[in-house]
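Report on one structure; see the data block that follows.
The values are calculated or read from the model by the stated rules, or taken from the named source; none is laboratory data. Owing to the predicted nature of the structure, the values given are computational and were not obtained by experimental measurement. When we count neighbours, we look across all protein chains shown, and the Cβ atoms used for this are built from the backbone with ideal geometry, even at glycine.
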Amino acid sequence: MIKVSVNGEIKELPKGLNVSQLIEALNYKTKGFAVAINTTFVSIKSYEETIIKNGDTIDILAPVQGG
């Protein structure tokens with residue numbers, strides 16, 4: 001298990017998850033959000049190859065509607 005910060009909250013996750021697996025493990029259902037790891041944006045094309053590491057700071061930003 002590894003510990004990471006997701007949107008400011010410490011989470012314990014299985015070792016070796018990629019970004020797609022992280023999103024699934026956290027039960028994010030909404031499409032079209034942005035992910036940053038350690039303040040670096042991760043493109044959707046890189047989700048499968050980007051592995052979450054112990055101590056990472058992850059920000060998952062959902063789109064906001066309004067006007």
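For segment 45-67, enumerate the residues that are aliphatic (A, V, I, L, M) and either assigned to a loop (DSSP other than H, G, I, E, B) or touching a His at 6+ places or on another chain (Cβ under 7 Å) (or both).
52, 62, 64
Among the residues that make up segment 14-27, is at least one of them modelled with pLDDT of 95 or more and in contact with an Asp or Glu (Cβ under 7 Å, 6 or more places away or on another chain)?
Yes: one or more hits.
Are any residues in segment 45-60 closer than 22 Å to residue 12 by Cβ and exposed (fewer than 13 other Cβ atoms within 10 Å of the Cβ), and if so, which ones?
Of everything in segment 45-60, those that are closer than 22 Å to residue 12 by Cβ and exposed (fewer than 13 other Cβ atoms within 10 Å of the Cβ) turn out to be 54, 55.
Search segment 23-44 for residues being part of a strand (DSSP E or B) and touching a strand residue (DSSP E or B) at 6+ places or on another chain (Cβ under 9 Å), and hand back the single one that is surrounded by the fewest Cβ atoms within 10 Å (Cβ to Cβ). Explain how you work it out, then say what you get.
Taking segment 23-44 as the starting set, the residues that turn out to be part of a strand (DSSP E or B) are 34-37, 40-42.
Subsequent filtering for residues that are touching a strand residue (DSSP E or B) at 6+ places or on another chain (Cβ under 9 Å) retains 34-37, 41-42.
On the way: 34: 13, 35: 22, 36: 13, 37: 19, 41: 11, 42: 17.
Among residues in segment 23-44 that are part of a strand (DSSP E or B) and touching a strand residue (DSSP E or B) at 6+ places or on another chain (Cβ under 9 Å), the one surrounded by the fewest Cβ atoms within 10 Å (Cβ to Cβ) is 41.
Mind checking which residues of segment 1-22 are under 17 Å from residue 61 (Cα atoms), of a type outside the set (A, V, I, L, M) and loosely packed, with under 11 Cβ neighbours inside 10 Å?
Answer for segment 1-22, where residues must be under 17 Å from residue 61 (Cα atoms), of a type outside the set (A, V, I, L, M) and loosely packed, with under 11 Cβ neighbours inside 10 Å: 8, 9.
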